[in-house]
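The values are calculated or read from the model by the stated rules, or taken from the named source; none is laboratory data. None of these values were measured; they are calculated from a predicted model. Here Cβ is always computed from backbone atoms with ideal geometry, including for glycine, and neighbour counts include all displayed protein chains.
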Amino acid sequence: MEFPSNLHPTLFMAGPLGMTDVPDLSFMCSWKDALTLPGPQNCKDRALPLAKDLLWEPSMPGPLPLLPPGPDPWDPGVTARDLLFRGGYHYRRRPQVVLDVTEQLSRFLWDHGDIAFAPLGKLMLENFKLEGGRNYSKKRTVVRVKRLLQDLGGYQPWGCPWAHVSHRLRRFSILGGPVLSRSVSLLLGKLLHEELALRWEQLLLDEAFTGGALAWLPSRTARTGQLVYPAGGALDRLYFQEVSLTSAGNPRVLKNPGHIQLRGPVRQVVTSTIQEETLLAVRSDYHCAMWKVGKPGEPAPLKVLQVEKGATGINLSPHLPGELAICSRSGAVCLWTPQDGLQLVYKDPETLAFRDPSPWRWADFTAHPRVLTVGDRTGVKMIDTQGPPGCGLLLFRCGAEASCQKGERVLLAQYLGQPDPVFPPTLHLICTQFSLYLVDERLPLVPVLKWDHGLPSAPLLARLLPPAGPSCPQPLLLGGQGGQLQLLHISGGGTSMPRLAGPPQTLPSVTDSLSTFPLLEPKHQQQLEERLQAPTIGLAAAPPWISTPILLLFQLSAAGDIFHQQLRLLPGAPLLDQTPPPSWTPQATAHCSRWLVDLLELPPSPTAWAAPTFSHRRLLGHMDLQKSEGELPQRLRVAMARGQLLRPGDLGTPPTAEPPPAPECAPQDELSERLSEAWEGRGATWWERQQGRASGSQTQAKRPKRRTQLSSTFSSLTSCLDLPDDNSPPPSPDQTSFKARLEPPGIPPSQESTQELWERGVRSERRQTLRDYMAKLPLQKDTPGPAATPPSQPSSNWVTSSQQQTPVPRGSQAPRKRQRMGF
Amino acid sequence: MPRRPSRRRCETDVSDFSEELRKPVTEDEQMETSMLSAKGMHFPWLQKQLETVVTGGKKKKDFAQTTRTCLSFIQDALLKHQWQQAAEYMHSYLQTLEDWDSYKKQAAPEISLQHALYLLHHGMLEEANRTLSQAETWRYGEKSSSQEILINLVQAYKGLLEYYAWSKKKMELSKIDEDDYAFTTKSRNMLSQSWKTSVNFCALIKTPGVWDLFVKSYVEMLEFYGDQDGAREVLTNYAYDEKFPSNPNAHIYLYNFLKREKAPRAKLISVLKILYDIVPSHTLMLEFHMLLRKSEKEEHRKLGLAVLFGVLDFAGCTKNITAWTYLAKYLKQILMVNHLSWVQEEWKSRKNWWPTFHFSHFWAKSDWKEDSDLACEKALVAGLLLGKGYRYFRYISKQDHEILRKKIKRMKKSVKKYSITNPVV
């Protein structure tokens, strides 16, 4: 193999991470220095420009769901807000992480008191007497607790400072407190703290899905392939979904996917095709399995391995069919080969470069089929599986050699060798929380490329894809657990160093797709957002074709959804910032809406814990007696019982679109009216008319039109509800029942007083609207007299065609009087 | 679209400008934020998690926050290739740069160096030289060891620029007649320049690192003026100093120099032996094999076989026809002189994976289709190592090919005679 004849200048300093007395020269091997220096012969022409125009443009603003949501509900689990202490931050310059054990403990004692206290109760049972009369026991150590329990009366509202505490309770809690609280809380507190710390660590970095659980298996025929991924609530079903790509590059899902039911959650899926033989390996928490994927798509099981301490990573050999490297939490790395079976290659419970408590281990292959890389959080080492145990060569070290920052750790190490390599098959990708490194195994410890990815979550997924064409750079996809994607363009090979061929770009993440979904009511909106924000646990891509440079990416979320997005290589040099941003197509929006409907139909996930609530169902039960009711009240009742939000659409009425309030067309100004009349010689008539209008009671002509619109909306709404006409006496039984239900129980039916009370708090402009609205309600049917219409109402021109209801114009007449009359 | 941070906000809140902004990552911050992980691991996304807990999702509005947001907008725009927008954000952000503290001022040569590199890569050599001269004279506070290295690097780059100029003159000189008057002046000029340049290179190439370009340029100048010893010393130090990373190029440069010098074979072998230990897949290994093969020492001839096997172990070399030809020829030669044990020793660690790696049925078919010459060489090796019954050999020997017929026949004969699977008589 050729070796690059000129390496980038790099300072080499051995030492710990975050060394301050060494200049940070990592920029020397980042893209800024990606060019080969101009040769001495022709300095001016050699400089290759950095390809600024290299851009894979997404065809839509965000990824789209590929398959309908699975039938299992998904719960996002604990968040930082559940785990961390919220108080006291304001006094600190910099917030500090404090686990909220106290609250969690008290909640646990409250919610699962039986579990927490039952063992203690059993132990103390002989000292307590739960029932029976006041017979004096000879034993002075027995306490009678009948009255105590009576005082407790079930339970006390939690945390309520006004809860009644009897003398007995007080005495008991003072005496028994030290015993009861210490033993329980000490034991529980310790366990709980451990659990919370574990959850918090998991929230910061969930290493289980390192490498990703989604794989693309190309078929022999072009433009088809299989997606292999876990789904189901527990991610324990391995699906094989056939996908074909249309000529436009859109994926089409073919028939029902085949699946294999496993006994544990799938954490990692790896595939490799060597000598036309496709192999598939899967890592679960304590098991690894391998299949051979035959022609008809029927996978044949090859081997199942049990990993007692828990498996942290697997990889299939890119050189020899059926060889699998497995790492265990114990620090052991094994190689399974069809010829020799399982072979322990390396074992060291300690970490490589410096002491780090993480049991995470990783292994991959190298350009030599018998040399493996072994990685942990501190570095990556190359191990000869045939050599004497224990020796090896450090390939990467978290330290000054790679200008690592303080606290920097290896999160992913991946061998980038491919069957048809563009650059020599000796490159390894190493990702940390800050940067991405390319290391050549022939030049250990010195990264040949470093790029600060700046991802806001752990980069646990990476895929190197074949180039879009000859002499094109290879796309390298980097995926964060939070769903962020970055695409890097790597070129090089032969005698030149691998380098970034253009500035890296970010790709849309799943949360960017939120804009294509219709706006929902808050509860459902939250459900959708949570679903889209589910961590990304798998990344795969259908490689670009030579004919049409289209790249199809697939993302698997922890909720079991697969999202896909299409990227096109922009031809030529686009003008600066002038390409219009992609927009949603109507098909995409329709597709998302369908997906959303399916999602919302799923049963809600069973909540592990629910706040104690007062049952409103019991209150509602009383009213079930009244059977004879209309459809509308029934729907209202159902909605109340389910705690749903009620919209006009739910009541069976299409929401009448209220026309937006038109800008108030100012009544034509008097002067210009008069002038124009006068111009035409009718000045005198106009004056007379004006006089007459003023003397009549027509001066309210300036009443804003908006009110008319509002009231007509109400009227149309009421009319749609099929309520009987206001003017038809006597009231039907339906109305009485409706009225009875609307009245709060226990309140005398003097609507007048309540009406007036709340009317006082309403601004005067709104009062009329309110009154109009109230007038529409069937409640007023009780009031004697000629319905709501005041007899003295002169403005009959306000009466709408469909209704006799009259919104009362506000004017000089005393509104109070009418109000009394109306109600 | 990200919201643009308001400029007014930035201006009015300068008094809030807190210390933590000036030092982006302070030590106590790291200690606190990584406290609960108990691993010393730093999580860049921790701060955001904490902020959501503390503020309940509300946005903080202080100056530090605004500038941080602005920086993230710049990064975002850059990664989305929205150059125009990034430039606009950058404009808003620039004012914070005015307040860099002493820590950043010390990094000024670093920034100048980056700028110079940019200019260099874009062919603006004169401008680059000017920037480097500025960086060289920059002083802030006490000169630290970190600054010293940087200054060395800056000087080395200056030296590189001088080398370019020198090598241009060398080109011109080669066109002028030696007796010309201009020749003497020019060569005198070059001499003074090379002396200056060597001073520039010297300091840096003693610092551990990868300095391929500088070393190469320096050696070329030394060689031109006949300072062979100086050149050898530079290259030997570069290759053998233990503080330096194991850089294959250091050994390659030394080997090439020794070859130019017509050094004895033993010397060349000793240099390539080290390269063989570091990069057994290198193309020079075939040259190494030829050297070893011609050597009188049996030990060397044995190593010659190991070198060939070593090359063919690697994924990137499986289709190297020269290596296969050498191996086929050498295997036959070795077996002819009855060094069966040498072959067996090499074959022992490979016999359980080479058959699948090189000699599977798939490769037989595909090699024959793509490169029948390669297939023939491989088939001979397969036959010698695995016997005439092995699938690869069988497949190729059954092929009918007009030109290769003779070759295949010879191959069959060799396998029948020398295969290591043959029962020992």
Legend entry - Entirely in the range A:453-511, the strands (runs of 3 or more DSSP E) that have 3 or more residues that are under 25 Å from A:Pro425 (Cα atoms): A:459-464, A:474-480, A:485-493, A:496-500
Inset, instruction - Take A:Arg531 and decide whether it is within 14 Å of chain B (Cβ to nearest Cβ), in contact (Cβ under 8 Å) with a residue 40 or more places away in the chain and of a type in the set (D, E, K, R). - result: no
Legend entry - Positions within the range A:417-431 being within 26 Å of A:Thr495 (Cβ to Cβ) and within 31 Å of the chain's Cα centre (by Cα), in sequence order: A:Leu429, A:Ile430
Legend entry - Listing of strands (runs of 3 or more DSSP E) fully contained in the range A:237-287 that carry 3 or more residues being within 30 Å of B:Ala364 (Cβ to Cβ): A:268-274, A:277-283
Inset, instruction - Looking only at the range A:340-380, count how many residues are in a loop (DSSP other than H, G, I, E, B) and among the β-branched types (Val, Ile, Thr). - result: 3
Inset, instruction - Determine, yes or no, whether A:Pro265 is more than 28 Å from the chain's Cα centre (by Cα) and either basic (Lys, Arg) or over 23 Å from A:Thr221 (Cβ atoms) (or both). - result: no
Legend entry - Qualifying residues in the range B:282-330 (those that are among the small types (Gly, Ala, Ser), touching a Leu at 6+ places or on another chain (Cβ under 6 Å) and more than 14 Å from chain A (Cβ to nearest Cβ)) - the one nearest to B:Asn249 (Cα to Cα): B:Gly304
Inset, instruction - Working only within the range B:302-361, note down all residues that are of a type outside the set (Gly, Ala, Ser), in a loop (DSSP other than H, G, I, E, B) and under 31 Å from the mean Cα position of the chain (by Cα). - result: B:Asp313, B:Phe314, B:Thr318, B:Lys319, B:Asn320, B:Arg350, B:Trp353
Legend entry - Condition met for A:Gln414 (closer than 26 Å to A:Ser5 by Cα and of a type in the set (S, T, N, Q)): yes
Inset, instruction - Could you grab me the full set of residues in the range A:461-505 that are of a type in the set (A, V, I, L, M, F, W, C), closer than 30 Å to A:Ala14 by Cβ and away from chain B (no Cβ under 13 Å)? - result: A:Ala462, A:Leu464, A:Leu476, A:Ile490
Legend entry - Single unsatisfied condition, A:Asp356 versus (1) within 14 Å of another protein chain (Cβ to nearest Cβ); (2) over 35 Å from the mean Cα position of the chain (by Cα); (3) surrounded by 20 or more Cβ atoms within 10 Å (Cβ to Cβ); (4) under 25 Å from A:Glu408 (Cβ atoms): (2)
Legend entry - Among the candidates B:Val337, B:Val415, B:Val381, residue that is crowded, with 20+ Cβ neighbours inside 10 Å and farther than 26 Å from A:Gln386 by Cβ: B:Val415
Legend entry - Answer from B:Ile269, B:Ile252, B:Ile274 - the residue that is in a helix (DSSP H, G or I), of a type in the set (Val, Ile, Thr) and within 8 Å of chain A (Cβ to nearest Cβ): B:Ile252
Inset, instruction - State all residues of the range A:432-448 that are within 35 Å of the chain's Cα centre (by Cα), under 24 Å from B:Gly209 (Cα atoms) and within 7 Å of chain B (Cβ to nearest Cβ); if no residue qualifies, say none. - result: A:Phe434
Inset, instruction - Only residues that are at the interface with another protein chain (Cβ under 10 Å from one of its Cβ atoms) and among the small types (Gly, Ala, Ser): list them for the range A:395-431, please. - result: A:Gly407, A:Gly417
Inset, instruction - Being in a loop (DSSP other than H, G, I, E, B) and touching a strand residue (DSSP E or B) at 6+ places or on another chain (Cβ under 9 Å) is the filter; apply it to the range A:222-233 and report the residue that is nearest to A:Phe554 (Cα to Cα). - result: A:Arg223
Legend entry - Tally, over the range A:337-364, of residues that are within 20 Å of A:Ile274 (Cβ to Cβ) and at pLDDT 95 or above: 2
Inset, instruction - List every residue pair whose Cβ atoms sit under 7 Å apart, with the two residues 6 or more apart in sequence or on different chains, where the first one lies in the range B:117-130 and is more than 7 Å from every other protein chain (Cβ to nearest Cβ) and the second, anywhere, is assigned to a helix (DSSP H, G or I) and hydroxyl-bearing (Ser, Thr, Tyr). - result: B:Leu119/B:Thr131
Inset, instruction - Give the number of residues within the range B:277-301 that are under 19 Å from the mean Cα position of the chain (by Cα) and part of a helix (DSSP H, G or I). - result: 4
Inset, instruction - Report whether or not A:Ser515 is polar (S, T, N, Q) and out of contact with any strand residue (DSSP E or B) (no Cβ under 7 Å at 6 or more places or on another chain). - result: yes
